[in-house]
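Below you'll find the structure, written out as structure tokens, and then a few comments.
The values are calculated or read from the model by the stated rules, or taken from the named source; none is laboratory data. Note that the structure is predicted; figures quoted are calculated from it, not measured. When we count neighbours, we look across all protein chains shown, and the Cβ atoms used for this are built from the backbone with ideal geometry, even at glycine. Each accessible area value is taken on the protein alone, full model and side chains, heavy atoms only, with ligands, DNA and RNA left out. Shrake-Rupley method; radii C 1.70, N 1.55, O 1.52, S 1.80 Å.
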Amino acid sequence: MLPEDVGILANKGFLIYPDIETLPKESWIREMSEVNQIRSLMLVGLKNEGNLIGILAFVKLYETFDWPESSQNLVGLAVDIISQGILRARNEINLKNKEKALKEYYSEIKSDLQLAKLTQDAWIMQAFPKYDTLQFHSFFVPIGDIGGDLILYNVPKSDFIDILYGDISV
């Protein structure tokens, strides 16, 4: 098919060959048609917003045929319906692929949040040194999947304790 034929299909929508024998002998359309005993051919462009997405062929075997305008109109309507079906199927496939990618991303986020929670739980001290006159207890429940709290201690002297408490909020 010549580039100008593709342009005609994309714009006008139809290429009509009432008699294949009028095409040049070196034409691949004529060669393919003769092998399949096609004598008359109507090619119709499947389009999406002016872009050619496929070609549908209607043929008449063994004899020439003048494709009347009423046939062209009916075929044009059928091709529009077929094009919409193809586009809808393509959009559904794209949507399912994006849904799958979104689910994978969500799963990765959940995994990262679980790792962050484990890391945070490790930063929250549970066991503090024992003192005769003082007791420490630690209790932590984050509001969401993870919180922004940090509790650490250090005992620089036997009668002294440093406590670090941090809260990160965004």
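Can you give the calculated 222 nm mean residue ellipticity of the chain, where each DSSP H run of n ≥ 4 adds -39,500 (n - 2.57) and the sum is split over every residue, rounded to the nearest 500 deg cm²/dmol? Could the numbers behind the result be given before it?
Values: 3 runs with 72 residues, N = 170.
After summing the helix terms and dividing by the residues of the chain, the value is -15000 deg cm²/dmol.
Can you list the lysines whose alpha carbon sits under 24 Å from that of LYS96, skipping same-chain ones fewer than 8 residues off?
Cα-Cα hits under 24 Å: LYS47, LYS110.
Multiply the residue separation of LEU52 and ALA127 by 0.36 nm, subtract the distance between their alpha-carbon atoms, and state the gained length in nm to one decimal. Please report the intermediate quantities before stating the final value.
Details: separation 75, 0.36 × 75 = 27.00 nm, distance 7.09 nm.
Net length gain for the segment: 19.9 nm.
For Cα Rg over 2.2 N^0.38 Å, which listed value, (i) 1.06; (ii) 1.24; (iii) 2.37, comes from the coordinates shown?
(iii)
On the protein heavy atoms, probe 1.4 angstrom, tell me the percent of accessible surface of segment 1-58 carried by carbon and sulfur.
Numbers: 1850 of 3370 Å².
That share works out to 55 percent.
I'd like to check one number: the per residue accessible area of segment 13-170, probe 1.4 Å, reported in Å² as a whole number.
On the way: 11900 Å² over 158 residues.
Using a 1.4 Å probe on heavy atoms only, each residue of segment 13-170 averages 75 Å².
Loop-only check: which chymotrypsin sites (Phe, Trp or Tyr not before Pro) in segment 4-113 are DSSP coil with at most 14 other Cβ within 10 angstrom?
Working: sites: PHE14, TRP28, PHE58, TYR62, PHE65, TYR105, TYR106; in loops: TYR62, PHE65.
For chymotrypsin sites (Phe, Trp or Tyr not before Pro) across segment 4-113 that sit outside H, G, I, E and B with at most 14 neighbouring Cβ atoms in 10 Å, the list reads TYR62.
Counting pairs of alpha carbon atoms under 8 Å apart in space and at least six apart in sequence, what relative contact order in percent does segment 33-108 give? Intermediate results must be reported in sequence, preceding the final value.
On the way: 60 pairs, mean separation 20.0, N = 76.
Computed over segment 33-108, the figure is 26 percent.
Please list SER27, SER40 in order of solvent-accessible area, largest first, computed with a 1.4 Å probe with all protein chains present.
On the way: SER27 25, SER40 0 Å².
So, going from the largest accessible area down, we get SER27, SER40.
Once R0 is set to 35 Å, what does the formula 1/(1 + (r/R0)^6) return for the Cβ-Cβ distance between SER138 and TYR106, expressed as a FRET efficiency to the nearest 0.05? Walk me through the numbers before you get to the answer.
Values: r = 32 Å, r/R0 = 0.91.
With R0 = 35 Å, the Cβ-Cβ based efficiency is 0.65.
Sticking with the crude label model, points 7 Å out along Cα→Cβ, report the distance from ALA78 to LYS98 in nm, one decimal please.
3.3 nm
Using the Cα centre of the chain as origin and beta-carbon charges of +1 (Lys, Arg) and -1 (Asp, Glu), tell me which of ILE8, GLY54, ALA116 is placed farthest towards the positive end of the dipole.
Value: ALA116.
Counting only C-alpha contacts under 8 Å and six or more residues apart, can you give the relative contact order of the chain as a whole percent?
Numbers: 185 pairs, mean separation 22.3, N = 170.
Once divided by the residue count of the chain, the mean separation gives 13 percent.
Over segment 1-41, calculate the relative contact order: mean separation of alpha carbon pairs under 8 Å at least 6 apart, over the residue count, as a percent. Intermediate values should be presented prior to the final figure.
Details: 28 pairs, mean separation 16.1, N = 41.
Normalised by residue count, the contact order of segment 1-41 is 39 percent.
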